[in-house]
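One structure is given below, encoded as structure tokens.
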Amino acid sequence: MRVKIGDDWFDSDHQPICIELSEAEIDRVDRFLVNGEDAPERKFACFPDDWGTSEEMIAWMD
């Protein structure tokens with residue numbers, strides 16, 4: 001995942017990236033979710049392959 005903030009690009013191949021969507025935004029992306037599954041936390045993240053354990057990833061997102 002790549003995210004642009006201002007003039008800077010951030011790449012999840014090099015650092016973890018997390019986005020949190022508002023209620024209005026989640027409605028806009030519902031059609032892209034796999035099998036129409038809901039995302040109750042409204043958070044989506046990508047991590048470098050060697051970043052850490054699932055528990056560490058979840059803790060970082062909080």
> Taking the Cα-to-Cβ direction at GLU20 and at ALA45 and moving 7 Å from each Cα, how far apart do the two end points lie in nm?
Replying inline: 1.2
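Note down the net charge around PRO48, summing +1 for each Lys or Arg and -1 for each Asp or Glu among other residues with Cβ under 11 Å from its Cβ.
So the surrounding residues net to -4.
Any read-out appearing in this document is the output of simple, stated calculations on the displayed coordinates, not a laboratory observation. Note that the structure is a prediction, hence the values are computed from the model and not measured. All Cβ positions, glycine included, derive from the backbone under ideal geometry; neighbour counts span all protein chains shown.
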